[in-house]
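Below is one structure, written out as structure tokens; comments come after it.
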């Protein structure tokens, strides 16, 4: 078993194990116990890890209860790969989120969940994390003011598919084979959609998730759009040919051609995700076990359709809306380009000559065709201006969803989560796109918003998107760790307690620009990276936020560095993970080369769609159609009904 290692920040601070609580109740009753962490053998700093792992990187995760389970009674959990015991949780017994009411838009006890994802949105650049930012995001700013902001949130792999697989499953990439943008996510790997369905939720996905393989649903009942990227094996990394640049991957044309546009591929996709209307009539009297068949419901229309369905039989929804902006190409409509007219677009702060870059960064420069190809300042400014406009575009979509929730009386009983899959260097350190563990690439925005229950605040401890799965399950009234071992740790305690949490993130990157796995540990002020071929790095982000001074060889920091190095060696068998990843690459490359011969059938997902029953084209009685389609419900004189009114039974009009 790995040694227990948690490097504390400088100063006389103590680490407290997160308190496990029941969900927030109207009377604000809290329960649970706190566990003190103990150093394993003295020293000037204490060490603890919230996860223990076997040497091959496939060990168990999650803290083991040491004195009390979620019921407040004595109990234990044991995870050794073959035995897993836990008590029934208080969450499963007493989740009562409905206090305060949800208006006519929701009658279930459990809250709805709206999870909004942005793609490649760099958290350090946003106003929620930098008050001096020039990026205009008023809706996200308002959401942050009334929500719980995680200002040190990270992805667990800085590339689209591996990051999303980890977020969806709560497991690190090496555990699930999520190595790169052509890795197949197995249908037997549970996602948060599976867990939430078990908790009684209707799960829907609108937008990008970059699933690879024949399973393109992964627990979602409804996938409302196709994906923007291929779901096949074509984007497999090739460590056997490390000097061969992947022609299908990023190059610098996105930067050099940056500027305004009338239309783009990205705009087509996000507007489909948000607003495209192509659905059959309103769902009425549909049993929860009845498949929806031809229903194609886009994000906004899905919510309109949901609120007009039968309140007494519908389940709470868990809707994921995943936008592809502000991902490159760096282009945006004139409307959003003009929002930054006259704005002083800042150039990158840090410049590092290519010969002075660390070895991984040098490979990245060659991967994206940046080596010996410097970017002029005017091109960098155009690219950053378009990116800022794309962030504002995303913010506007968030605003539309928030207004829709309010107009449909769903806002009081809907938890809103906003996050992303990774960031974008945007020229910092003379790097672009993602693929590194530097802050602009690895940090993501994260807000959990439910002001009726969770006091707005800022959490500065480091967390990750891998923690969202157990958090979602906790919010839904379950306990993911009681079912299967996972690597993610619920953020629930941060929502209901001010006690310090785990302050810990593990990361694994095996995608473009690598020749072997590159691992990362983020804890307190420290960030440590290691691989089989690159020199290790240790940064003190409290004193060196731009990550300019590598302390790995500093005698003054030898004890800290040695502790991280020992932890990494105990946690990851890098040789074995390298071989597993390399074998996966070779298998996928063989299959892909064969599939290019003769007939090819893609794993692309096309939502089923039948337009025959839309509007009144199938002789649906007009009065019946209008009664079902109108929201809010009105009586025969046009007076709005009370919250108890449905499309199937009259209640009193307002004021009666």
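Which condition breaks for residue 440 when tested against (1) on the phi > 0 side of the Ramachandran plot; (2) at pLDDT 95 or above; (3) out of contact with any strand residue (DSSP E or B) (no Cβ under 9 Å at 6 or more places or on another chain)?
(1)
Quick check, is residue 211 surrounded by 21 or more Cβ atoms within 10 Å (Cβ to Cβ), in the same structural domain as residue 377 (by TED's automatic domain parsing) and over 23 Å from residue 593 (Cβ atoms)?
When the stated conditions are applied, residue 211 does not pass them.
Looking at 469, 475, can you tell me which residue is assigned by TED's automatic domain parsing to the domain that holds residue 148 and farther than 24 Å from residue 160 by Cα? Even if it seems obvious, please write down each step before you answer.
Details: 469 fails: farther than 24 Å from residue 160 by Cα.
When all the criteria are applied, what remains is 475.
Kindly indicate the residue of the stretch 313-364 that is closer than 12 Å to residue 387 by Cα and in contact with a strand residue (DSSP E or B) (Cβ under 6 Å, 6 or more places away or on another chain) and also surrounded by the fewest Cβ atoms within 10 Å (Cβ to Cβ) among those meeting that condition.
Out of the qualifying residues, it is 337.
Scan the helices (runs of 4 or more DSSP H) fully inside the stretch 552-656 and keep the ones with 1 or more residues being at pLDDT below 80.
622-629
Only one of 495, 541, 491 is in the same structural domain as residue 358 (by TED's automatic domain parsing), surrounded by fewer than 18 Cβ atoms within 10 Å (Cβ to Cβ) and in contact (Cβ under 8 Å) with a residue 12 or more places away in the chain. Can you tell me which?
541
Before we move on, is residue 574 surrounded by 12 or more Cβ atoms within 10 Å (Cβ to Cβ), in contact (Cβ under 8 Å) with a residue 12 or more places away in the chain and over 18 Å from residue 156 (Cβ atoms)?
no
Return a yes/no flag: does the stretch 503-511 have any residue that is farther than 24 Å from residue 577 by Cβ, at pLDDT 95 or above and surrounded by fewer than 24 Cβ atoms within 10 Å (Cβ to Cβ).
yes
So which helices (runs of 4 or more DSSP H) are wholly in the stretch 320-431 and hold at least 2 residues that are assigned by TED's automatic domain parsing to the domain that holds residue 164, under 30 Å from residue 469 (Cα atoms) and modelled with pLDDT of 95 or more?
Qualifying helices (runs of 4 or more DSSP H): 377-407.
Taking residue 194 as meeting all but one of (1) in contact with a strand residue (DSSP E or B) (Cβ under 8 Å, 6 or more places away or on another chain); (2) part of a helix (DSSP H, G or I), write down the number of the exception.
It fails just one condition, (1).
Is one or more of the residues making up the stretch 358-377 without any contact (Cβ under 8 Å) to a residue 60 or more places away in the chain and touching a helix residue (DSSP H, G or I) at 6+ places or on another chain (Cβ under 6 Å)?
To start, the set of residues in the stretch 358-377 that are without any contact (Cβ under 8 Å) to a residue 60 or more places away in the chain comprises 362, 371-372, 374, 376-377.
Pick out the ones that are also touching a helix residue (DSSP H, G or I) at 6+ places or on another chain (Cβ under 6 Å) and you get 371.
Checked the stretch 358-377: at least one residue is without any contact (Cβ under 8 Å) to a residue 60 or more places away in the chain and touching a helix residue (DSSP H, G or I) at 6+ places or on another chain (Cβ under 6 Å).
Quick one: residue 246 ticks every box in (1) buried (at least 21 other Cβ atoms within 10 Å of the Cβ); (2) over 20 Å from the mean Cα position of the chain (by Cα) bar one, so which box is it?
Looking at each condition in turn, residue 246 falls short on (1).
Which of the residues that make up the stretch 342-357 are out of contact with any helix residue (DSSP H, G or I) (no Cβ under 7 Å at 6 or more places or on another chain) and more than 21 Å from residue 535 (Cα to Cα)?
Matches in the stretch 342-357: 342, 343, 344, 346.
So which residues in the stretch 432-441 are in contact with a helix residue (DSSP H, G or I) (Cβ under 6 Å, 6 or more places away or on another chain) and either in a helix (DSSP H, G or I) or surrounded by fewer than 22 Cβ atoms within 10 Å (Cβ to Cβ) (or both)?
Passing the criteria: 439, 440.
Residues that are over 30 Å from residue 389 (Cβ atoms), modelled with pLDDT under 85 and surrounded by 20 or more Cβ atoms within 10 Å (Cβ to Cβ): does the stretch 261-280 have at least one?
Yes, there is a match, as at least one residue in the stretch 261-280 is over 30 Å from residue 389 (Cβ atoms), modelled with pLDDT under 85 and surrounded by 20 or more Cβ atoms within 10 Å (Cβ to Cβ).
Output yes when any residue across the stretch 195-205 is buried (at least 21 other Cβ atoms within 10 Å of the Cβ), at pLDDT below 95 and within 16 Å of the chain's Cα centre (by Cα), and no when none is.
Yes, the stretch 195-205 contains a residue that is buried (at least 21 other Cβ atoms within 10 Å of the Cβ), at pLDDT below 95 and within 16 Å of the chain's Cα centre (by Cα).
Listed residues 563, 558; which is in contact (Cβ under 8 Å) with a residue 12 or more places away in the chain, surrounded by fewer than 22 Cβ atoms within 10 Å (Cβ to Cβ) and over 28 Å from the mean Cα position of the chain (by Cα)? Give the derivation first.
On the way: 558 fails: in contact (Cβ under 8 Å) with a residue 12 or more places away in the chain.
Within the list 563, 558, the selection yields 563.
Of the residues 471, 465, 514, only one is without any contact (Cβ under 8 Å) to a residue 60 or more places away in the chain, crowded, with 23+ Cβ neighbours inside 10 Å and on the phi < 0 side of the Ramachandran plot; which?
From the options 471, 465, 514, the qualifying one is 471.
The values are calculated or read from the model by the stated rules, or taken from the named source; none is laboratory data. Predicted model, so just to flag it, every value in this text is computed and none were measured. Cβ coordinates were reconstructed from backbone atoms using ideal geometry, including for glycine residues, and neighbour counts include every protein chain displayed.
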